[in-house]
1. Going through Leu70, Leu38, Leu59 one at a time, which residue ends up being within 12 Å of the chain's Cα centre (by Cα), of a type in the set (A, V, I, L, M, F, W, C) and at pLDDT 95 or above?
2. I'm trying to understand the selection: among the residues of segment 54-90, which are under 20 Å from Val11 (Cβ atoms), loosely packed, with under 15 Cβ neighbours inside 10 Å and not hydrophobic (A, V, I, L, M, F, W, C)?
3. Which of (1) crowded, with 16+ Cβ neighbours inside 10 Å; (2) in contact with a strand residue (DSSP E or B) (Cβ under 8 Å, 6 or more places away or on another chain) does Ile44 not meet, given it meets every other one?
4. Select from segment 26-53 the residues that are of a type in the set (A, V, I, L, M) and farther than 18 Å from Lys12 by Cβ and list them in ascending order.
5. Which pairs turn up if I take residues in segment 20-41 that are touching a residue at least 12 places away in the same chain (Cβ under 8 Å) and exposed (fewer than 14 other Cβ atoms within 10 Å of the Cβ) and look for partners that are part of a loop (DSSP other than H, G, I, E, B) and of a type outside the set (Val, Ile, Thr) with beta carbon separation below 9 Å, at least 6 apart in sequence or on another chain?
Amino acid sequence: MEEKQIESKLVKAVKQSGGLCLKFVSPSFDGVPDRIVLLPEGKIAFVETKRTGEKMRPLQVRRKKQIEQLGFKVYCLDDPARIKEVLNEI
């Protein structure tokens, strides 16, 4: 499945959960995850969406580690079947 389709399904699922799934763009800081997921009760995580079977680039892996070191969860999502699992973890 294409990245755009997975991202669209994620946005819809987050909205149905009562949250926001914001596009994350940081012009001066490359490699950040595609989406910031904000869920009720102050829950927040970052999600990098990928085409099915695709992996994160080395810079994206480094950004993931940097964000996780600050205490935030970061997910790489390449399978829409995992969306519910990811939202439950958040």
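The values are calculated or read from the model by the stated rules, or taken from the named source; none is laboratory data. Since the structure is predicted, the reported quantities are computational estimates derived from the model, not experimental observations. Ideal geometry is used to build each Cβ from the backbone, glycine not excepted, and the neighbour counts take in all protein chains shown.
1. Values: Leu70 fails: within 12 Å of the chain's Cα centre (by Cα); Leu59 fails: within 12 Å of the chain's Cα centre (by Cα).
One residue alone meets the criteria, Leu38.
2. Once the filter is applied, which keeps residues that are under 20 Å from Val11 (Cβ atoms), loosely packed, with under 15 Cβ neighbours inside 10 Å and not hydrophobic (A, V, I, L, M, F, W, C), segment 54-90 yields Glu54, Asp79, Lys84, Glu85, Asn88, Glu89.
3. Of everything listed in (1) crowded, with 16+ Cβ neighbours inside 10 Å; (2) in contact with a strand residue (DSSP E or B) (Cβ under 8 Å, 6 or more places away or on another chain), Ile44 misses just condition (1).
4. Taking segment 26-53 first, the residues of a type in the set (A, V, I, L, M) are 32, 36-39, 44-45, 47.
Hits for segment 26-53 are Val32, Ile44.
5. Lys23/Asp34; Pro40/Ser17; Pro40/Gly18; Pro40/Gly19
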